[in-house]
Ligand code: SF4
Ligand code: SF4
Ligand code: SF4
Ligand code: SF4
């Protein structure tokens, strides 16, 4: 018996490979999202200061400063002349995501991802199918607009609305009416369009998507010959278009699009283990984990 | 044929680029309008010591809260949605918790962006300036000798003194702030005994007059 709560896209994999293997990457990245946030919350909540700050900039064990490169980019557009710590911190984060895959931020760190994933799951379970066509390039337009607005106002413009910042900062230090924006994102994803926020509108995702175009760690459809055309991976993937060239193309089996979140949903959901995590330069053959 | 097709393609490409650019500008303008509408409310925010002038501060501060977490007194907090200061930026409310003017200024030292000057000496801090706003309520103006604000000031004698004056024909001791020395720490506001503090810290541009002359004021 497969539980009612298992999403349809995982059912074939649960049947052929078991409940746990079909949720492996999902569990790992939820663990990652919760622990990153948890580390930041330990200080203010329990007085255990392993890390300080929040996702915008942080101090890791009093030794390293890390900073969000997209926030810094807006700050620069706003005319700020930042000092060394925040610049070095942003470069370190940039470097990290150049290795682990730009949008690994979305799949493995961003707390809004949990909100939108839940909305997506609820869509399926409630049979809501309304799907307004949104252009997935809208997010690049919004990304550009946030930089223009930062320049015009001399502030970090997107931070006035950014649900990602609101949620992480909110959980670490109080959110006020910010909940309404998170709720709006949830409802948008639930009733307006499939994966409306993360895959069409969010400029943070768009930014990390650009970083991801050159990222090292990539998913590979290495055993694509075994594909049974069940559609499970397309179903689970937040950015289904990225799978096509890797799975159905003649070229590299690597998912090369920057839009891929390295979330491992495809790996989890495939009943015949077509996908695994690999890296650029390994022709999709080698296994990373 | 082929070149005609290319021309059409080029034209659609140009139209596409123009439309995208238009959308970017439009989006940018709307977001800018939203941000500006938040500015008004922001004008009264008191920033941590060492903060750059407000316009520079708003572009430099990434809203990380490192200053907030560095303060041993819980003076600072990051603005939540619905509070006056720009969302996510650090501020303090002296009537709740003033700044205790730590000698080593841990808040400013913790700032990774330069939004707060890491090398600020606390006596040079300029979080705002105390202003005796409630002349009708201040007990000293009523002829009593409260002077709490003067007695609690960490730099009393320099930042605030008692000056003799006369009010309603009575001799009084006027708590008088000297803006060159007042850091705006808000200890006076915190301890003022009237229900709504009669002495309050305001950002300098709200709390002080300016030199020079107002031409309009002299007209006719
Ligand atoms: S291709 Fe796989 S790893 Fe990439 S976003 Fe889609 S499901 Fe996630
Ligand atoms: S100087 Fe001390 S009391 Fe004042 S805000 Fe900074 S850390 Fe807090
Ligand atoms: S530490 Fe600096 S950048 Fe961070 S919130 Fe405080 S003033 Fe802003
Ligand atoms: S704010 Fe008040 S207590 Fe603080 S320095 Fe100024 S006069 Fe003194």
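Since every read-out is calculated from the coordinates, none of them should be taken as a lab result. All of these numbers come straight from a predicted model, not from anything done at the bench. Methodologically, a virtual Cβ is constructed for each residue, glycine included, from the backbone with ideal geometry; neighbour enumeration extends over all protein chains shown.
Which shape class, rounded, prolate or oblate, goes with segment B:45-124 when its Cα gyration tensor gives a ≥ b ≥ c as root eigenvalues, a/c under 1.5 marks rounded, and past that a/b bigger than b/c marks prolate?
Working: a/c = 1.61, a/b = 1.15, b/c = 1.40.
It is oblate, given that a/c is not under 1.5 and a/b is not larger than b/c.
To the nearest 10 degrees, how steep is helix A:84-100 against the longest Cα principal axis of chain A, on a 0 to 90 scale?
0 degrees
Tell me, what is the FRET efficiency for residue B:123 and residue A:213 to the nearest 0.05, using R0 = 45 angstrom and their Cβ-Cβ distance as r? Could you put the intermediate results ahead of the total?
Numbers: r = 51 Å, r/R0 = 1.13.
E(calc), rounded to 0.05, equals 0.30.
For the protein assembly as shown, taking Cα atoms only, what is the radius of gyration to one decimal and the Dmax to the nearest whole Å?
Using the Cα atoms of the protein assembly as shown, the pair Rg, Dmax is 28.1, 100 Å.
Using Cα atoms only, what is the angle between the long axis of helix B:2-42 and the major principal axis of chain B, expressed in degrees (0 to 90) to the nearest 10?
10 degrees
Over all alpha-carbon pairs in segment B:65-108, figure out the percentage whose distance exceeds 11 Å. Intermediate values should be presented prior to the final figure.
On the way: 605 of 946 pairs.
Counting every Cα pair in segment B:65-108, those more than 11 Å apart make up 64 percent.
Using only helices, what value at 222 nm comes out for chain A when you add -39,500 (n - 2.57) per DSSP H run of length 4 or more and divide by the total residues, to the nearest 500 deg cm²/dmol? Each step should come with its number before you reach the end.
Values: 13 runs with 141 residues, N = 289.
My calculation for chain A gives -14500 deg cm²/dmol from helical runs alone.
Roughly how many nanometres apart are two label points built 7 Å out from the Cα toward the Cβ at residue B:54 and residue A:179?
3.1 nm
Does a label point 7 Å from the Cα of residue A:187, set along Cα-to-beta-carbon, have any residues of segment A:116-150 with amide nitrogen under 20 Å, and which are they?
Backbone N within reach: A:116-134.
By how many degrees, between 0 and 90 and to the nearest 10, does the Cα long axis of helix A:112-126 differ from the longest principal axis of chain A?
It is inclined by approximately 40 degrees.
What share of the DSSP beta bridges in the protein assembly as shown is antiparallel, in percent to the nearest 5? Mind dumping the intermediate values first?
Details: 28 of 29 bridges.
Given both bridge residues lie in the protein assembly as shown, the antiparallel proportion sits at roughly 95 percent.
If all Cα-Cα distances of segment B:74-168 are sorted into 5 Å bins from 0 onward, what percent lands in each bin, rounded to whole numbers?
2, 10, 17, 20, 16, 13, 10, 7, 4, 1, 0
Tell me the mean residue ellipticity at 222 nm calculated for chain B from its helices only (DSSP H runs of n ≥ 4, each -39500 (n - 2.57), averaged over every residue, nearest 500).
The per-residue figure over chain B is -10000 deg cm²/dmol.
Pop a pseudo-label 7 angstrom from the Cα along the beta-carbon direction at both residue A:248 and residue B:168 and give the gap in nm to one decimal.
The modelled label-to-label distance comes out at 8.7 nm.
Semi-axes of the equivalent ellipsoid of segment A:27-210: what are they in whole Å, largest first, if each equals the square root of 5 times a C-alpha gyration tensor eigenvalue? Each step should come with its number before you reach the end.
On the way: eigenvalues 141, 88, 45 Å².
Equivalent ellipsoid semi-axes, largest first: 27, 21, 15 Å.
Need one value for B:108-119: mean number of C-beta atoms belonging to other chains within 10 Å of its residues' C-beta atoms. Before the final figure, lay out the partial values.
Working: counts 0, 0, 5, 4, 17, 15, 9, 5, 0, 1, 2, 0.
If you average over the peptide's residues, the count of other-chain Cβ atoms is 5.
Which of A:228, B:93, A:65, A:146 comes first, and how do the rest follow, when ranked by fewest Cβ neighbours within 10 Å?
Numbers: A:228 11, B:93 18, A:65 24, A:146 30.
In increasing order of surrounding Cβ atoms, one gets A:228, B:93, A:65, A:146.
Quick one: plug the Kirkwood hydrodynamic radius of segment B:128-209 (C-alpha pairs) into Stokes-Einstein at 4 °C, 1.567 mPa s, and report D in µm²/s. Don't skip to the answer; put the middle values down first.
Values: Rh = 12.5 Å.
The Stokes-Einstein estimate is 104 µm²/s.
For chain B, what value does the Rg/Rh ratio take when both radii are computed over Cα atoms and Rh is the Kirkwood radius, given to two decimals? Could the numbers behind the result be given before it?
Working: Rg = 24.7 Å, Rh = 20.4 Å.
Expressed as Rg/Rh, it is 1.21.
Distance between Cα centroids, segment A:123-146 to segment A:193-266: provide it in whole Å.
Cα centroid to Cα centroid, the span is 16 Å.
Using a basic spin-label model with each label point 7 Å from the Cα along Cα→Cβ, how many nm lie between residue A:19 and residue B:73?
5.5 nm
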